[in-house]
1. Starting from residues that are part of a helix (DSSP H, G or I) and either basic (Lys, Arg) or in contact (Cβ under 8 Å) with a residue 40 or more places away in the chain (or both), keep the ones in segment 131-146 and report whichever is nearest to residue 82 (Cα to Cα).
2. Across segment 219-248, what is the number of residues that are of a type in the set (Phe, Trp, Tyr) and without any contact (Cβ under 8 Å) to a residue 12 or more places away in the chain?
3. Out of 86, 71, report the one residue that is of a type in the set (Phe, Trp, Tyr) and open to solvent by less than 50 Å² (accessible area, probe 1.4 Å).
4. Are any residues in segment 358-367 at pLDDT 85 or above, surrounded by 17 or more Cβ atoms within 10 Å (Cβ to Cβ) and within 16 Å of residue 273 (Cβ to Cβ), and if so, which ones?
5. Working only within segment 261-290, note down all residues that are surrounded by 16 or more Cβ atoms within 10 Å (Cβ to Cβ), over 21 Å from the mean Cα position of the chain (by Cα) and either farther than 16 Å from residue 223 by Cβ or of a type outside the set (A, V, I, L, M) (or both).
6. Report, by residue number, each residue of segment 212-254 that is over 26 Å from residue 319 (Cβ atoms) and of a type in the set (Val, Ile, Thr).
7. Filter segment 85-109 for residues that are among the β-branched types (Val, Ile, Thr) and assigned to a loop (DSSP other than H, G, I, E, B) and give the result.
8. For segment 74-96, enumerate the residues that are within 24 Å of residue 112 (Cα to Cα), of a type in the set (D, E, K, R) and over 40 Å from the mean Cα position of the chain (by Cα).
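The values are calculated or read from the model by the stated rules, or taken from the named source; none is laboratory data. Just so it is clear, the structure is predicted and the values come from calculations on it, not from any experiment. For neighbour counting, all protein chains shown are included, and Cβ atoms are generated from backbone atoms with ideal geometry for every residue, glycine included. Side chains are part of the model used for accessible areas, which takes the heavy atoms of the whole protein and leaves out ligands, DNA and RNA. Shrake-Rupley method; radii C 1.70, N 1.55, O 1.52, S 1.80 Å.
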Amino acid sequence: MTNRTQAEIVRQSLKKRYRKEKRFRAYGILAIAIALSALVVLFSDIIGKGYSGFMKTSLNLEVELNQEMMFLDDATDAKQMRMADFVEPLVQALMKEIPDATEADRDAVRKLINPYASTDLRDALVNNPDWLGSTREMNLLAHTDVDVYVKHAGDAAYSIKLSEQQQQWVDQLADKGVVETGFNDTFFKGGDSRDPSRAGILGAVVGSLLTMFVTLILSFPIGVAAAIYLEEFAPQNKLTDFIEVNINNLAAVPSIIFGLLGLAVFIGLFGMPRSVPVVGGLVLTLMTLPTIIISSRAAIKSVPPSIREAAAGIGASKMQVVLHHVLPLALPGMLTGSIIGMAQALGETAPLLLIGMVAFIVDVPDGFLDAATVLPVQVFLWAGSPELAFIERASAAIMVLLSFLISMNALAIWMRKRLERRW
């Protein structure tokens, strides 16, 4: 075979290899494009449905706090406050803003007012008893049906429950400035509610923070201690090999299995209360530990042997080598892995459903043993609600949850870039 023939064969082989490389690169770019497209569609859908959850529809009314109308003589008398009529002043105030409304339309007008608006009026009188007998301008939540109509009148996904007459009234009130939309502070200041317009995420956020705190104070020290022992002190034998294999296996176990374990052990065996942050934190600790142990061991392995040898050479004991030299250098990697593990735990729903954190919780928890829920479970509850108005609340809560998760992952990346050392 001549040199020319051999060179031709080599050129053909190189062309074939280059074509394969180009195809492989094209497949990779296509896969990334598909993934990014799916991500854009997902975020567009969530934001498109959820941005309106950060807005509320309210009524600006001149409310006459007439004593005879309310059957109330003394706003400081608890018995009279329980028997008083706080709905009638609101209905009268709204009817004054609708010129063509008659007494026969009273029930239809009343349905434009949020059922909890009377409670807000009562609370305002309790805090300001001198208001009795005067006329006050008040900003009160509109009915959920009004809220849906104002924000989703042209959206076929939302059924409009107002009659044509009520829709005309709402349009007139909006033109007069009586009906207005603004930032939904209620969404961030309250707990769950049967009424979508009053449903908030504060209870779920506090429950998530309490649960994550329990998870952090348990999983981080235990996981780091286990990683140090296995990497620095444990002898290489069949027992440690068995432990290492099972730690790696536990990292791949479905999260719902940890929920079943928590239900059987913490609640069934130890009799701990259901739906409390302590039990939720214990379950998430079991789920997070393998991730923290694996990432901590990888961080310890990244410390060069020369550091250990130098410390031992100047007379440091094994414990001093680990605590004074290896651990500080491996700590950035450990923290990064722990933050990623905590972010994973924050987004978990299945294990918490099994230990009762799916309960309807209205009040914001005050401690680790109070009934609570967490953000992913709150999203699950709202997404499964028959009320379509909860769709935007669920999407808005997802946006808040994603903000927490993105922030935690961004913090982990920043810490890795800022603190890690390259050897």
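1. Filtering segment 131-146 for residues that are part of a helix (DSSP H, G or I) and either basic (Lys, Arg) or in contact (Cβ under 8 Å) with a residue 40 or more places away in the chain (or both), the one nearest to residue 82 (Cα to Cα) comes out as 131.
2. 2
3. Residue meeting the stated conditions: 86.
4. Passing the criteria: only 365.
5. Matches in segment 261-290: 261, 262, 263, 266, 267, 272, 290.
6. Of everything in segment 212-254, those that are over 26 Å from residue 319 (Cβ atoms) and of a type in the set (Val, Ile, Thr) turn out to be 214, 215, 245, 253.
7. Answer for segment 85-109, where residues must be among the β-branched types (Val, Ile, Thr) and assigned to a loop (DSSP other than H, G, I, E, B): 87, 98, 102.
8. 96
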